Amino acid sequence: MPNVTISVPDQLKAEMDTLSEVNWSEICRKAISRYIAQRKNPIPKIELDLREVRLDSHGYQTGYPTLTVPLRIHNKMESEIMVDRILYTIKSITEDGHQYILGTGCDLYKRIIDSNSIGTATIYSTLPNEKIESLKNVFTSTFRCDIHFIVFVDRFRSPYNQDVQTRIPIDDWNKLMKEVVRKSV
């Protein structure tokens, strides 16, 4: 078996020396094998799930009506990842099957998520007053929203894609409609 030399800081070497029973070659071999296996997979092993999605009549970041989407990012890999950016498209679907784009956008905030752990992101999708007014008579009951996410992870060739569904209660929508109409008068 060939030998490979690695360099570590003095402090780390001192800590390694205190654990004389540990086979550091075996630990390094396993870590390198895991890293190579993960890099061969062009798509990161992550999974997304939504927390409580809400409509805000006055988003604190934008000042406009906003669909706030708290998101959990599950890193299912043996090494940490850096989420580079998240793109999204939010579509609403009526009971009769008509689709309406509520918003598209991106979150460019980079975040590191440790191995086998969960990170978070919050998407703030601004809903222009004109868009809300154009949908004034479209929704008559609680409606479904499909959110398509594209997550780019540093050092992976391909992004991760996932569709997530949520429901917007009609009472929340009507409350937002009233607020928008009140402000435009």
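Each value in this text was obtained by applying a stated rule to the coordinates, not by laboratory testing. What you are looking at is a predicted structure, and each value in this text was computed from that prediction instead of being measured. Note that each Cβ is placed from the backbone with ideal geometry, even for glycine, and that neighbours are counted across all protein chains shown.
Quick notes on this one:
- Cα-Cα P(r), the chain, percent of pairs per 10 Å interval: 8, 29, 24, 17, 10, 7, 5, 0
- Of all lysines in the structure, the ones whose alpha carbon falls short of 17 Å from that of residue 131, not counting any fewer than 8 places away in one chain, are 91, 175, 178, 183.
- Here the relative contact order of segment 23-113, from alpha carbon pairs under 8 Å that lie six or more residues apart, stands at 21 percent.
- Zone of residue 1's modelled label, taken as backbone nitrogen in segment 16-49 under 15 Å from a point 7 Å along Cα→Cβ: 22-34
- Residue-by-residue Karplus 3J(HN,Hα) for segment 95-109, coefficients 6.51, -1.76, 1.60, Hz, glycine and proline x: 4, 8, x, 6, 10, 9, 7, 8, x, 9, x, 8, 10, 9, 6
- Annotation for segment 146-168 versus segment 15-81: alpha-carbon center distance of 14 Å.
- Most mobile of 110, 76, 13 in a GNM of the chain (Cα contacts under 10 Å): 13
- Placed amide H near residue 102: partners under 5 Å, 5+ positions off or other chain: 90, 91, 92
- 5 angstrom amide H check on residue 127, placed H, neighbours 5+ away: 66, 67
- The sum of -39500 (n - 2.57) across all DSSP H runs of n ≥ 4, divided by the residue count of the chain, sets its helix-only mean residue ellipticity at 222 nm to -7500 deg cm²/dmol.
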